[in-house]
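Worksheet for the structure shown next.
The values are calculated or read from the model by the stated rules, or taken from the named source; none is laboratory data. Only a predicted model underlies this, so the values are computations on that prediction, with no experimental measurement involved. For neighbour counting, all protein chains shown are included, and Cβ atoms are generated from backbone atoms with ideal geometry for every residue, glycine included. Note: areas computed on protein heavy atoms with side chains; ligands, DNA, RNA excluded. Shrake-Rupley method; radii C 1.70, N 1.55, O 1.52, S 1.80 Å.
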Amino acid sequence: MSAKYIIHVLCLVVILGGIEGRNEVEYSVTNTASTTAGGVRFSNEVGADYAKQALKSATQFAWRVLQENALGDRKRVQKVSLIVEEMDGVAYATNNEIHLSARYVGSYSGNVKKEITGVLFHEMTHIWQWNGNGQTPGGLIEGIADFVRLKAGYAPSHWVKQGQGQRWDQGYDVTAYFLDYCNTLKSGFVAQLNKKMRDGYSSQYFVQLLGKNVDQLWNDYKAKYAN
């Protein structure tokens, strides 16, 4: 085996190692409300180690659902931080951070571990999805995040039923179920829609992918579940 060949192999290993390294996402969990009732419940019933694993699983699942298979398809995110804190609401994602309400954790009635796992799947989708450079309707953004949560099997019992809702872009569970319907018309529809929103947004994306405008699709969806 020639020295030149060995050097070539070693260079290839270094290059592949670098690519793999860039593919790794670091996760951290910080409980800033550890002395509150919700913070204590988070520690006891969810835990930082489990939450970190849930973040990793949510990333892998979101990549699969959104078909972000190649490294170049994805956003360049090196670290995602979960911060449990005293605040109103449930959770939000910003600047590759997920902020989770300790008050929500403390007040939730039921299996809080499963609920928070679903919340993390939703918020992690926000980290990875495209938003049309800010042009995509907020209801669609939230609907895609809940669509990923739905496909992961973490749809909570308080969600609306299929076919309910006033508008296709109402957001969250309403839009998630509508997108799930659209996905049955064309496998991978949500992933293709997300890819189109990498640089911008147009309601014509629905026509391009499904052959009908979004209002027609919404009417068809409502009609399917009318009875």
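Extending 7 Å from the Cα toward the beta-carbon at both Gln162 and Ser187 defines two label points whose distance is 1.8 nm.
Relative to the current alpha-carbon distance between Tyr50 and Lys195, full extension at 0.36 nm per residue lengthens the span by 49.2 nm. Using a Gaussian network model on the chain with a 10 Å cutoff between Cα atoms, which of Gly143, Gly153, Gly39 fluctuates the most? Taking springs between Cα atoms under 10 Å, the residue moving most is Gly153.
Computed about its Cα centre, the charge dipole of the range 85-227 is approximately 600 debye, with only Lys, Arg, Asp and Glu carrying charge at their Cβ. Probing with 1.4 Å while keeping every protein chain in the model, the per residue accessible area of the range 146-227 equals 51 Å². Couplings 3J(HN,Hα) for the range 170-177, derived from phi with the Karplus relation 6.51 cos²θ - 1.76 cosθ + 1.60 (θ = phi - 60°), are 5, x, 6, 4, 4, 6, 4, 5 Hz, where x marks Gly and Pro. Among Asn183, Asn95, Asn194, the residue with the largest mean-square fluctuation in a Gaussian network model of the chain, with springs joining Cα atoms closer than 10 Å, is Asn95. Computed from the C-beta positions of Ser57 and Gln208 and an R0 of 35 Å, the FRET efficiency is 0.60 to the nearest 0.05.
Highest mobility in the GNM of the chain, judged by mean-square fluctuation with C-alpha springs under 10 Å and restricted to Gln162, Gln170, Gln204, is found for Gln204.
Within the range 127-227, the trypsin sites (Lys or Arg not before Pro) that combine a DSSP coil assignment with at most 10 other C-beta atoms in a 10 angstrom radius are Lys161. With a Cα cut-off of under 21 Å and a minimum spacing of 8 residues unless on different chains, the lysine pairs in the range 28-167 number 14.
Nonpolar atom fraction for the chain, defined as the carbon and sulfur part of the 1.4 Å probe accessible area, stands at 48 percent. The share of Cα pairs per 10 Å bin across the range 155-224, counted from zero up to the longest distance, runs 20, 54, 23, 2 percent. Assuming R0 = 45 Å, can you tell me the calculated FRET efficiency for the pair Thr94 and Asp215, based on Cβ-Cβ distance, to the nearest 0.05? Computed FRET efficiency for Thr94 and Asp215 comes out at 0.90. Considering helices alone, the calculated mean residue ellipticity of the chain at 222 nm is -16500 deg cm²/dmol, with DSSP H runs of length four and up weighted by -39500 (n - 2.57) and normalised per residue. The range 45-64 and the range 95-110 have Cα centres lying 15 Å from one another.
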